[in-house]
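Below: the structure, in structure tokens.
Bear in mind these aren't lab numbers, they're just calculated from the coordinates by the rules spelled out. This is a predicted model, so every value here is computed, not measured. No Cβ is skipped: glycine too gets one built from the backbone with ideal geometry, and neighbour counts run over all protein chains shown.
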Amino acid sequence: MIKKTLAAAVFAALSALTATSAHADPLSYARYDQVRTTDLYLDLKADFSHKTLAGYAELTLNWIDKSARTLVLDTNELNVSKVQVLAANGRWSAASFMLDKLELQKGRALRIALPFQPQKVRVYYRTAPSATALQWMNPEQTMSGKRPFMFSQSEEINARSWAPVQDTPAVRFTYSARIEAPAGMRVVMSAENDPNATGAGGWKFRMTQPIPSYLLAIAIGELDVRPVGPRSAVYAEPQRIEAAANELVDTEKMIAAAESLYGPYRWERYDMIVLPPSFPIGGMENPRMTFLTPTMIAGDRSLVDLIAHELAHSWSGNLVTNASWKHFWLNEGFTTYVTTRIVEKLYGEEVAEMNLQVEQEEAMASLAGIPAAKQALVSRDPDTSAATYTDSGLVYPKGAWLLRTLEQRAGREVFDPFLRGWFDQHAFQSATTDEFVDYLKKNLLAAHPEVMTQAELEEWLYGAGIPASAKHAASARLAALDAQRSAWLKGELPTADLSARSWIALEWMHFLNDINGKATAQQMQELDQNFGVGKTGNNEIAYRFFLASVQAGYNVREPLNKFLLSVGRQKFVVPLYTALLKNANEKDWAKGVYAKARSHYHPETQTSVDKAFKKAQ
Ligand code: BES
Ligand code: ZN
């Protein structure tokens, strides 16, 4: 009996070791097979005139390899001034350190030489004004124009530009922070936020659940807060708080819907912050504080599936996390699937089916632009080079499609508890695709082998495109709309006779996707005049309308100029500039707009648009 336990323990230790090397994350320098951060404390002061955070990070360590004498942390553009280690006698002493050579993207390894294995290490540092995770805005870039603003975007590997950490999703730690900010500003983080805090003595935060580094988040600005539900509030610039709160009234319903499917929400509060327009993406699932683009405020709540998506990450991603960025589909594919389930609970089957159809059609259309080798959900190559990673956009709909296929074949009474079990059994852990496949085989395919053959599963995971066996969503409402669209494109149905007045946002998106490159300038103008599409508050619609208009040669300069100056989301602005640059008549105009808009964009967006301009030269 004792023998068996011992053997089991040895085996567990060995397999933990091999598992760790299989998890090796090529995007991190950290040796987390030797040592793991269990807690992080940040003591930082925000200096808006120099655009820096400065202070220290204190890491609590769990030593696994008893012979290790080096601590390697990820950094990017951090200016490290001093490192201290905590001895058993409770004294802090200086430790020597060096920063390795800079690698593009990965940054520099901070190597700390250790005389012994300390339980805690302090790194004193300051961030660079160009820190990739941080955007520092001048007052003119905010709504009130009175105070500056700063926010972070750490995913995937930018946390290292504002804190020296083991910057890999394979390592999880709790954290706390004390942040000093100028008077008149509020600090929020992806942690417990006290809505009644005043900031006296610094803003204090605690995150008591272990999270990976990419979920470290901070925002500082002139912020108001407004409750939108029993466990939710929204933070936003004062001029936007009313509209934001009004848009987000369904938040609690969404949390309840997700809980009814996948078990209790485990992060206590679900708050949100609406950021200035240069926020480069739609939303970021920072735990307890989702970060949002202001362009999600359509005025009619037609874009709140974005909230469903970020909320879904509270299970898929934040609770069960991809062990390295190779397994990104475990975060985003699962989240995309869960989003549609939440949408169905709130808005019904018909809307969910339309949502799914638009998502799947956009995925099919995107395939033409993605090399076959990048179309898998996950690469078969060992996780040694990020160059083999799959297309990060495609894994959203494709991963969701795989889960939907399993659900439809197994039935919800089997599939829903199965998926809930995945979240429960891997809660607060990081996971690989192989771990999911094991779980799938044991907990679903063993009893229901007819659901999917090994060959088909492998085709989904490692093959290009969408398997021919996949069932495509087919909404009756979108089919009716297709009939109208064909007649309209042929000139058989006058624009005024389109039933567009009763279309919901998804119908507009579907319609506009399908006429892109086919409609005439005249038809685009009629759409605009009859239905005021150019003035819509829904940016997903506006974006598609502008794209089809530029393609057709319909002049939308005035509203498009406004759009490009006020919207910073990469997903919108990059394709729009690219389309404008392809059009000889619009090229110079686009240059002029970008000259004015560039400084309003996030550095990441600037880089992407710069590339589009270079390509068009
Ligand atoms: N976690 C992602 C954002 C992300 C992904 C940031 C990869 C950096 C690297 C977030 O949850 C997301 O998917 N946002 C989407 C929302 C959409 C799919 C509803 C976005 O911003 O477009
Ligand atoms: Zn996501």
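Considering region 122-176, what Rg and Dmax in Å follow from its alpha-carbon atoms?
13.9, 41
Please give the contour-minus-distance gain from THR198 to SER499: 0.36 nm per residue of separation, less the Cα-Cα distance, rounded to one decimal in nm.
103.1 nm
Under the Karplus relation 6.51 cos²θ - 1.76 cosθ + 1.60, θ = phi - 60°, what is the ordered set of whole-Hz ³J(HN,Hα) values for region 205-214, x standing for Gly and Pro?
9, 9, 10, 8, 9, x, 10, x, 4, 5
If the cut-off is 20 Å between C-alpha atoms, which lysines fall inside it for LYS326, apart from same-chain ones fewer than 8 positions away?
Partners found: LYS106, LYS374, LYS398.
Could you calculate the FRET efficiency of LYS82 with GLU103 from 1/(1 + (r/R0)^6), where r is the beta carbon distance between them and R0 is 30 Å, rounded to 0.05?
In this case the efficiency is close to 0.80.
Please give the peptides 196-203, 82-89, 215-222 ranked by average Cβ packing (other Cβ atoms within 10 Å per residue), highest first, as a rough proxy for protection.
Taking the mean over residues of other Cβ atoms within 10 Å, the ranking is 215-222, 82-89, 196-203.
If the convex hull of the alpha-carbon atoms of the chain is projected onto planes in all directions, what is the mean projected area in square nanometres?
29.7 nm²
Out of SER366, LEU356, LEU461, whose Cα points farthest toward the positive end of the dipole of region 321-462 (charges: +1 Lys, Arg; -1 Asp, Glu; placed on Cβ)?
Final value for the positive-end residue is LEU461.
Output the peptides 259-268, 556-565, 99-108 sorted from most to least packed, where packing is the average of other Cβ atoms within 10 Å over each peptide's residues.
556-565, 259-268, 99-108
So if each residue of separation counts as 0.36 nm, and I subtract the Cα-Cα distance between ASN513 and GLN408, what length gain in nm does that give?
35.1 nm
Ranked from highest to lowest mean number of other Cβ atoms within 10 Å per residue, what is the order of the peptides 164-173, 341-350, 137-146?
Result, highest mean first: 164-173, 341-350, 137-146.
Below 8 Å, C-alpha to C-alpha, sequence gap of six or more: please give me the relative contact order for region 109-220 in percent. Provide the component values of the computation, followed by the final result.
Details: 170 pairs, mean separation 30.5, N = 112.
Once normalised by length, the contact order is 27 percent.
Tell me the label-point distance for the pair SER260, ALA476, using the 7 Å Cα-to-Cβ offset, in nm and rounded to one decimal.
Rounded to a tenth, the inter-label distance reads 2.3 nm.
As an exercise, use a Förster radius of 25 Å and the Cβ-Cβ distance of LYS146 and LYS562 to find the FRET efficiency, rounded to the nearest 0.05.
Numbers: r = 23 Å, r/R0 = 0.92.
In this case the efficiency is close to 0.65.
Taking region 436-495, which trypsin sites (Lys or Arg not before Pro) meet the DSSP loop condition and have no more than 15 other C-beta atoms within 10 Å?
Within region 436-495, the qualifying trypsin sites (Lys or Arg not before Pro) (loop, at most 15 other Cβ atoms within 10 Å) are LYS471, LYS490.
Using a Förster distance of 60 Å, how high is the FRET efficiency between LYS442 and LYS614, based on the Cβ-Cβ distance and rounded to 0.05?
Working from the Cβ atoms, E equals 0.75.
Test of the criteria: in region 388-492, which GluC sites (Glu not before Pro) are in a DSSP loop and have at most 14 other Cβ atoms within 10 angstrom of their Cβ?
Passing both the DSSP loop test and the Cβ count: GLU492.
Straight distance only, please: which aspartates and glutamates reach the Cα of LYS66 with their own Cα at less than 15 Å, same-chain residues fewer than 8 apart left out?
ASP33
Quick one: the Cα spread of region 347-478 along its three principal axes, in angstroms, biggest first?
Principal extents (largest minus smallest coordinate, Cα): 46, 37, 29 Å.
Report the relative contact order of the chain, percent, no decimals, based on alpha-carbon pairs under 8 angstrom and at least 6 residues apart.
10 percent
Quote the convex hull volume per residue of region 527-577, based on C-alpha atoms, as a whole number of Å³.
Enclosed volume per residue, from the Cα hull, is 70 Å³.
So what's Rg/Rh here for region 330-406, counting alpha carbon atoms and using the Kirkwood radius for Rh?
1.04
When we measure straight from the Cα of LYS587, which lysines land under 28 angstrom away, once same-chain ones fewer than 8 places off are left out?
Within the straight-line limit of under 28 Å, LYS587 reaches these lysines: LYS518, LYS535, LYS562, LYS571, LYS596, LYS611, LYS614, LYS615.
Using the Cα centre of the chain as origin and beta-carbon charges of +1 (Lys, Arg) and -1 (Asp, Glu), tell me which of ALA159, GLY282, GLY399 is placed farthest towards the positive end of the dipole.
ALA159
Can you pull out the trypsin sites (Lys or Arg not before Pro) in region 361-422 whose DSSP state is coil and whose Cβ has at most 12 other Cβ atoms within 10 Å? Intermediate results must be reported in sequence, preceding the final value.
On the way: sites: LYS374, ARG380, LYS398, ARG404, ARG409, ARG412, ARG420; in loops: ARG380.
For trypsin sites (Lys or Arg not before Pro) across region 361-422 that sit outside H, G, I, E and B with at most 12 neighbouring Cβ atoms in 10 Å, the list reads ARG380.
Could you state the per residue volume, in Å³, of the convex hull enclosing the Cα atoms of region 476-616? List each step's numbers first, then the result.
Numbers: hull volume 14.5 nm³, N = 141.
Output value, Cα hull per residue: 103 Å³.
How far apart, in nanometres, would the label points at LEU346 and ALA373 be if each is projected 7 angstrom from Cα along the Cα-to-Cβ direction?
Result: 4.1 nm between the two label points.
With N set to the residue count of region 64-159, report its C-alpha Rg divided by 2.2 N^0.38 Å to two decimal places.
1.39
Go through region 384-393 residue by residue and turn each phi into a ³J(HN,Hα) via Karplus (6.51, -1.76, 1.60, θ = phi - 60°); whole Hz please, and just put x for glycine and proline.
Calculated HN-Hα couplings, in order: 10, 9, 5, 4, 8, 5, 7, 5, 6, x Hz.
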